[in-house]
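> This is the structure, below, for whatever I ask next.
Laboratory data are not the source of any read-out in this text; all were calculated from the coordinates shown. On a predicted model such as this, the values are computed, not experimentally measured, just so you know. Heads up, the Cβs are rebuilt from the backbone with ideal geometry, glycines too, and the neighbour counts pull from every protein chain shown.
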Amino acid sequence: MMNNGLLVVLSGPSGSGKDTVLKGVLEKLNGDAFLSVSMTTRAMRQGEREGVDYFFVSVEQFQKCIEDDLMLEFAKYGSNYYGTPIGPVKDVLNSGKIVFLNIEVQGGANIRRLMPEAVQIFIAPPSMEELERRLRKRGTEDEDCICERLSIAREEMKRSDDYDFVVVNDVLEDAVQDVLSIVQKSRNQ
Ligand code: 5GP
């Protein structure tokens with residue numbers, strides 16, 4: 001499925017700052033790379049936009065997409081479903097460009113099985129204390145949800161060894177540079 005393009009999986013616990021790292025990476029790659037827009041059944045957060053941050057759908061719509069074979073991978077995270085629509089990923093890979101998937105670890109494992117040639121990067125926080133601080137600071141989740149995300153994060157951290165590369169997001173610019181170097185090296189191989 002890769003043709004001339006490159007598929008890059010980016011995983012890491014909620015609060016690791018992977019969205020911000022990815023934003024910095026995409027700016028630097030300037031039109032040569034795209035972020036796959038996932039589908040989710042979770043509620044839209046303030047400031048999020050339909051079709052930009054996610055495609056927000058009902059559980060029924062999500063299930064229909066799975067039945068119709070429209071998903072490259074999907075997983076349940078907390079009480080919501082998240083998945084990668086297959087069409088846009090194929091299009092980018094066919095055009096020879098880079099496509100990033102910002103997905104959690106079950107999705108990462110599925111992609112490893114389906115497309116072992118994909119580059120897999122795990123973005124880790126400097127510590128669990130820092131992760132908790134970041135999650136609370138961003139203020140997008142209530143207390144229950146923060147606790148749930150921290151407990152998922154502990155499990156996710158155990159799976160970082162499954163990834164080709166682990167990048168610790170302590171200083172943002174350094175993490176962006178690390179991901180860019182990995183992508184550039186993988187492209188030249
Ligand atoms: P959030 O609710 O914070 O936007 O995302 C929760 C988790 O779901 C994050 O770890 C995010 O990377 C992951 N995620 C987002 N889209 C997908 C997807 O399409 N597939 C999978 N497996 N995980 C996703």
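> Among the lysines, which have Cα under 16 Å from the Cα of Lys76 when same-chain residues fewer than 8 positions away are ignored?
List returned: Lys64.
> Give me the one-decimal nm value for the distance between modelled label points at Ser181 and Val52, 7 Å along each residue's Cα-to-Cβ direction.
So the two model labels end up 3.3 nm from each other.
> Shifting gears a bit: Checking the cross-link filter: which lysines have an alpha carbon closer than 16 Å to that of Lys97, excluding same-chain neighbours under 8 positions apart?
Within the straight-line cut-off, Lys97 pairs with Lys28, Lys185.
> Still on this model: What is the Cα coordinate range of the chain on the first, second and third principal axes, sorted by size from largest, in whole angstrom?
So the extents along the principal axes, rounded to whole Å, are 44, 41, 30.
> Right, here's the next one. Contour minus end-to-end for Glu129 and Arg45, with contour as 0.36 nm per residue of separation and end-to-end as the Cα-Cα distance?
So the extension gain works out to 27.8 nm.
> Please turn the phi angles of segment 171-183 into ³J(HN,Hα) values with the Karplus equation 6.51 cos²θ - 1.76 cosθ + 1.60 (θ = phi - 60°), one per residue in order, whole Hz, x for glycine and proline.
With coefficients 6.51, -1.76 and 1.60, one gets 9, 3, 4, 5, 5, 4, 4, 4, 5, 4, 5, 4, 5 Hz.
> Another question about this same structure. Give me a comma-separated list of calculated 3J(HN,Hα) values for segment 31-40, in order, Karplus coefficients 6.51, -1.76, 1.60 applied at θ = phi - 60°, integers in Hz, x for any Gly or Pro.
Residue by residue, segment 31-40 yields x, 8, 9, 10, 9, 5, 8, 7, 9, 9 Hz.
> If we count every other residue with Cβ under 11 angstrom of Gly78's Cβ, Lys/Arg +1 and Asp/Glu -1, where does the sum land?
-1
> Would you calculate a helix-derived [θ] at 222 nm for the chain, using -39,500 (n - 2.57) for each DSSP H run of n ≥ 4 and dividing by the full residue count, to the nearest 500?
-14000 deg cm²/dmol
> If packing is taken as the average count of other Cβ atoms within 10 Å, what order do 72-79, 56-63 fall into, highest mean first?
72-79, 56-63
> Using a Förster distance of 45 Å, how high is the FRET efficiency between Asn94 and Arg136, based on the Cβ-Cβ distance and rounded to 0.05?
The computed FRET efficiency comes out at 0.60.
> While we're looking at this one, here's another question. Given that compact globular proteins tend to follow 2.2 N^0.38 Å, what is the ratio of the alpha-carbon Rg of segment 65-148 to that value?
Cα-based Rg divided by the globular estimate yields 1.32.
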